[in-house]
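The values are calculated or read from the model by the stated rules, or taken from the named source; none is laboratory data. All values reported here derive from a predicted model rather than from experimental measurement. Every residue, glycine among them, receives a Cβ derived from its backbone with ideal geometry; neighbour counts consider all protein chains shown. Surface accessibility is based on the protein's heavy atoms, side chains included, excluding ligands, DNA and RNA. Shrake-Rupley method; radii C 1.70, N 1.55, O 1.52, S 1.80 Å.
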Amino acid sequence: MALEIERKYLVINDKWHDGIIQKSVMKQGYLASVPNASVRVRVSGEEARLTIKGRSEGISRNEYEYPIPLRDAEEILNNHVSGALIEKIRYQVKCGDHVWDLDVFDGANRGLIVAEVELSSEEEAFKMPEWAGEEVSSDSRYYNASLVTHPYCDW
């Protein structure tokens, strides 16, 4: 079983541009999203993955991720997801000893920019970037699975 431990923050300025080490265009959709778990398909470039995430317990949750054929993923996204697709550009941004995932959303979530840092334990220390603002780790409105049914443009 894989355990994902991450903290999520709103991005408050553009100073993160200085630390970019990678950029990926992503689209993802959800096959199921219930209180105990979500199942999603994500396409990033020429790679596709099926991901199952368990219920969040604080900043931790179980996560299982598997590569799937790109053609299958595209078909699933076009025909079998519930709600809108999540469209975003993910930047990997170096800050201190960590690489953060910074998501710039498009479509119905345009204007939302969220940064996540994955940790090896809930107590792990990390450098807080000057571009990171309010922590939203526990705010379910910012979960991608929530953004498909309650997009940022409707807030």
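Quick notes on this one:
- Other residues within the sphere of radius under 9 Å centred on the Cβ of residue 8, judged by their own Cβ, net out at -3 (K and R +1, D and E -1).
- Rounded to 10°, Cα long-axis angle of helix 70-79 versus longest principal axis of the chain: 70 degrees
- Straight-line reach from residue 53: taking Cα to Cα under 14 Å and skipping same-chain neighbours fewer than 8 places apart, the aspartates and glutamates in range are 4, 6, 63, 65.
- Each helix, a run of at least 4 DSSP H residues, gives -39500 (n - 2.57); summed and divided by the residues of the chain, these come to -2500 deg cm²/dmol at 222 nm.
- Sulfur and carbon atoms: percent of accessible area, the chain [1.4 Å]: 48 percent
- Dipole magnitude for segment 21-155: computed about the Cα centre from +1 point charges on Lys and Arg Cβ and -1 point charges on Asp and Glu Cβ, it is near 400 debye.
- The coefficient of translational diffusion for segment 14-155, derived via Stokes-Einstein from the alpha carbon Kirkwood radius under 4 °C and 1.567 mPa s, stands at 81 µm²/s.
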